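**Student:** The structure's right below; bear with me while I get my questions together.
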Amino acid sequence: MKRNKQVTADDVAKLAGVSPSTVSRVISNSPRISEATRKKVLKCMDELGYYPNANARSLAIKKTGTIGIIIPTTSEDYFSNPFFTESIRGIIKGASNSGYDLLLSTNTEKGEELKIIQKFIKGSKVDGVILMTSKVNDECIKYLQMMDFPFSIIGSTNEKDEKINQVDNDNYLAAYELTNHIINIGRKRIAMIVGDIDLIVSKKRVKGYKKALMEAGIDFDENLLFSGSFDEKTGYDYARQISKIKPLPDGLIVADDLVAFGAVKAFENLGIDIPRDIAIASFNNSTLAKHSNVPLTSVDINAIQLGRKAMDLLVDAIEKDVRGKKVTIPYTIYERESTRG
């Protein structure tokens, strides 16, 4: 049957024999409504083909049903990095199970994350946010805490007593074990390419790297530590610099597979053999790590699980007012040809 006008809540109320306010309470999942009444109203909504306006529903329940994801805003194309695509897959799975929609930040200007968060909150666009990285003295974290706005972090903070929901790997231990692996195959002069040195993850990995060197009686050489962006060009450019160091480092730890691909390409172009001349190990265990020209030894940080758990922690913050919950996701080191031989 063709309808000539839009169905309203009043039409539902009339068919169900209840007041419009009762229909509104059903829409907002009010506990004041009996289960029998709820089922009757929902049945009438279905019969009439009535779907409450999303804005009206959010006003009724004081929720948007939407989560904001804060993508780091830099010159890099983060969606070319498997870590972000995989972790967002995990967030999507968690959001689907929890009944939330997602709103991704789209600003591409470097350092604009705080403005995006302020826009989300002041515009009542989201119920909570997920930060994809954490920095030292992070202004986004400070603002969210000041506003007491629900959020979770994929990463860690420096302060142990902060009431922040966070999910991460043990990056200190992972870097320590990865460095030990390269030491155990006989390498003594090991360089490292980390990401942005202001990121907590970078600082923890450098700490683990230094610890392994110290225990092996190898002096830390600051000239063998490089920091930069999480992109292929960073790996390529630094590998060319490393190739000029005499004697050539015989081991290299890289913060991300994408960066490692750039390094491998540069070394191959220069005739430097992997792993005979320099053994390379990396993080994230992306699909390409297994199928590159020289399959990469890499740490699987379980990015999908990180994203999924970050979403779960945020739902707990929104719906149960949970704060300060910290979850550590296990990692696995996969040894491949880049550190063999």
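The values are calculated or read from the model by the stated rules, or taken from the named source; none is laboratory data. Remember, predicted model here, so these are calculated numbers, not experimental data. FYI the Cβ positions are ideal-geometry reconstructions off the backbone, even for glycines, and counts take in every protein chain you see.
**Student:** Could you list all residues from segment 138-174 that are in a loop (DSSP other than H, G, I, E, B) and within 12 Å of Ile329 (Cβ to Cβ)?
**Tutor:** Answer for segment 138-174, where residues must be in a loop (DSSP other than H, G, I, E, B) and within 12 Å of Ile329 (Cβ to Cβ): Gly155, Ser156, Asn169, Asp170.
**Student:** Look through Asp231, Asp237, Asp250 and report the one residue that is of a type in the set (D, E, K, R) and within 22 Å of the chain's Cα centre (by Cα).
**Tutor:** Asp231 is the lone residue from the list that is of a type in the set (D, E, K, R) and within 22 Å of the chain's Cα centre (by Cα).
**Student:** Among (1) basic (Lys, Arg); (2) touching a residue at least 60 places away in the same chain (Cβ under 8 Å); (3) part of a helix (DSSP H, G or I), there is one condition Arg187 misses while meeting the rest; what is its number?
**Tutor:** Condition not satisfied by Arg187: (3).
**Student:** Would you mind stating whether Gly208 is in a loop (DSSP other than H, G, I, E, B) and either assigned by TED's automatic domain parsing to the domain that holds Asp138 or modelled with pLDDT of 95 or more (or both)?
**Tutor:** Considered against the rule, which asks whether it is in a loop (DSSP other than H, G, I, E, B) and either assigned by TED's automatic domain parsing to the domain that holds Asp138 or modelled with pLDDT of 95 or more (or both), Gly208 comes out as no.
**Student:** Something else now. Take segment 274-297 and flag every residue that is within 16 Å of Glu86 (Cα to Cα), of a type in the set (Ser, Thr, Tyr) and surrounded by 16 or more Cβ atoms within 10 Å (Cβ to Cβ).
**Tutor:** Listed by number, the list holds a single entry, Ser286.
**Student:** So how many residues does segment 242-252 have that are surrounded by 16 or more Cβ atoms within 10 Å (Cβ to Cβ) and in a loop (DSSP other than H, G, I, E, B)?
**Tutor:** Looking only at that region, the number is 2.
**Student:** Hey, among the residues in segment 127-137 that are at pLDDT below 90 and not in a strand (DSSP E or B), which one's nearest to Thr85 (Cα to Cα)?
**Tutor:** Thr133
**Student:** Hand me the list of helices (runs of 4 or more DSSP H) wholly inside segment 253-341 holding 2 or more residues that are in contact (Cβ under 8 Å) with a residue 12 or more places away in the chain, among the β-branched types (Val, Ile, Thr) and under 20 Å from Ile71 (Cα atoms).
**Tutor:** In segment 253-341, the matching helices (runs of 4 or more DSSP H) lie at 303-320.
**Student:** Please specify each residue of segment 207-231 satisfying the condition of being over 13 Å from Ile197 (Cα atoms) and either in contact with a Pro (Cβ under 8 Å, 6 or more places away or on another chain) or among the aliphatic types (A, V, I, L, M) (or both).
**Tutor:** Within segment 207-231, Ala212, Leu213, Met214, Ala216, Ile218, Leu224 qualify.
**Student:** Right, something else. Does at least one position in segment 256-273 carry a residue that is at pLDDT below 95, under 16 Å from Phe83 (Cα atoms) and within 15 Å of the chain's Cα centre (by Cα)?
**Tutor:** Yes, that holds for at least one residue.
**Student:** What residue, among those in segment 127-160 that are of a type in the set (Lys, Arg) and out of contact with any Asp or Glu (no Cβ under 6 Å at 6 or more places or on another chain), is surrounded by the fewest Cβ atoms within 10 Å (Cβ to Cβ)?
**Tutor:** Per the stated criteria, the residue is Lys160.
**Student:** Moving on. What are the residues in segment 222-241 that are modelled with pLDDT of 95 or more, surrounded by fewer than 21 Cβ atoms within 10 Å (Cβ to Cβ) and outside any strand (DSSP E or B), if any?
**Tutor:** Within segment 222-241, Glu222, Asn223, Leu224, Tyr236, Asp237, Arg240, Gln241 qualify.
**Student:** Further question: Can you name the condition, by its number, that Asn165 falls short on among (1) within 22 Å of Gly307 (Cβ to Cβ); (2) in the same structural domain as Glu232 (by TED's automatic domain parsing)?
**Tutor:** Asn165 satisfies all of (1) within 22 Å of Gly307 (Cβ to Cβ); (2) in the same structural domain as Glu232 (by TED's automatic domain parsing) except (2).
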